């Protein structure tokens, strides 16, 4: 039916959802829809939502309401809601927001063309098949810059952390085959991608369901064989599943960035137990020190949650000391969000919002001073940097220590014209808060 109809998308939330959105756009483009970037230029607008925590839900609802204003003004014809909020709240979205024409769960993503066709004909759609029908591979219309891309290697989660709604939204953990992932990686590289970021709800569990053992190390050994692929980066790794063989691959394969994202959530044993997570701060110290010893120059990124029900001042102070002691290269912190249908939703001893915000601020301030000291120590060093952008006479890029979108980067000058996606050497001359400052450096 497409006949030149235009479709736009607002995609929210994590990289995994972003990948799903890219797959939706590819299906629509193949069916003849024209993909546009502006709401006012579209006939049908897709809001690909996140529904993980309260702030994400609010952002998603605000986006839907914004698009609804364009529909009420007659500038667009239809609104389709996809993603985690759609999967989680289903028909409630149609009930509360009658401006919406279609709401589909992740298991219906393959039907996006039919859904948009019906929406343009004024036919409402509400469809929530089994989550297992979400395609794990297929064509994508990349929304990232041409030189880097996310690559989803698995879907769903079996961890059942007490605060997390994702298992109920995304279903049980299921991996793609090594062959499928490698084929997509080759396709991305053929399109000009030089850096691939592997993502899943639990990247380190990859392959256990298919091969009977953790197989991220084996996947990496196949990916590094791809000509033209320069960097491979790991997100969302679970500490208890980081094996010696994975550490060895990171240490010895040049294409695997000496960078790993391990969301630890907390360091106190009691808090972690209440979260239904395994381990404690001492376990983490042993693991992280082992990794740093085996992988010289390793950049560690982590995320912590403050304000989990029952978290005492003493437990929070212990977390602060843990952060100061471990000196993470990159760190994020978010406050507990009580999510319905999770065990933590109605746990006793909920923490006041003001207390949570204060703890978040204290922890991030501690990390700022750690980062500042680390950046000061990097002045004079030379790093291989990928060029991300150019503005106001300066380039912005990233070393192996920096992920796109979530990490700070390197701002530098060059006497030569550089292309976006180039790899160049940059000498660090200064720093400004989280950012490093440098200049293009050519060895003589």
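When you scan region 346-354, do you find a residue that is part of a helix (DSSP H, G or I) and closer than 13 Å to residue 162 by Cβ, even just one?
So far as region 346-354 goes, yes, one or more of its residues are part of a helix (DSSP H, G or I) and closer than 13 Å to residue 162 by Cβ.
Among the residues of region 320-337, count how many are more than 21 Å from residue 299 (Cβ to Cβ) and buried (at least 18 other Cβ atoms within 10 Å of the Cβ).
4
Inspect region 366-385 for any residue being assigned to a strand (DSSP E or B), out of contact with any helix residue (DSSP H, G or I) (no Cβ under 9 Å at 6 or more places or on another chain), modelled with pLDDT of 95 or more and surrounded by 15 or more Cβ atoms within 10 Å (Cβ to Cβ) and give the result as yes or no.
Checking region 366-385: at least one residue is assigned to a strand (DSSP E or B), out of contact with any helix residue (DSSP H, G or I) (no Cβ under 9 Å at 6 or more places or on another chain), modelled with pLDDT of 95 or more and surrounded by 15 or more Cβ atoms within 10 Å (Cβ to Cβ).
So that you can scan it fast, the table gives a plain yes or no per residue for (1) in the same structural domain as residue 14 (by TED's automatic domain parsing); (2) part of a loop (DSSP other than H, G, I, E, B); (3) over 26 Å from residue 368 (Cα atoms):
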| residue | (1), (2), (3) |
| --- | --- |
| 388 | no, no, no |
| 397 | no, no, no |
| 400 | no, yes, no |
| 403 | no, yes, no |
| 407 | no, yes, no |
| 411 | no, no, no |
| 416 | no, yes, yes |
| 420 | no, yes, yes |
| 436 | no, no, no |
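For the condition closer than 21 Å to residue 199 by Cα, surrounded by 19 or more Cβ atoms within 10 Å (Cβ to Cβ) and modelled with pLDDT of 95 or more, what is the one hit in 399, 414?
Every option except 399 fails the conditions.
Return only the number of the condition from (1) out of contact with any strand residue (DSSP E or B) (no Cβ under 9 Å at 6 or more places or on another chain); (2) surrounded by 18 or more Cβ atoms within 10 Å (Cβ to Cβ); (3) farther than 29 Å from residue 435 by Cβ that residue 345 does not satisfy.
(2)
Output the qualifying pairs, or none if there are none: Cβ atoms under 9 angstrom, residues six or more apart or on different chains, first residue in region 320-334 and touching a residue at least 24 places away in the same chain (Cβ under 8 Å) and not assigned by TED's automatic domain parsing to the domain that holds residue 399, second residue surrounded by fewer than 19 Cβ atoms within 10 Å (Cβ to Cβ) and assigned to a strand (DSSP E or B).
Listed by first residue and then by second, the contacts come to 331/303; 332/303; 333/303; 334/303.
The values are calculated or read from the model by the stated rules, or taken from the named source; none is laboratory data. The shown structure was predicted, so the numbers you read here are calculated from the model rather than taken from an experiment. Neighbour counts run over all protein chains shown; Cβ positions are idealised from the backbone, glycine included.
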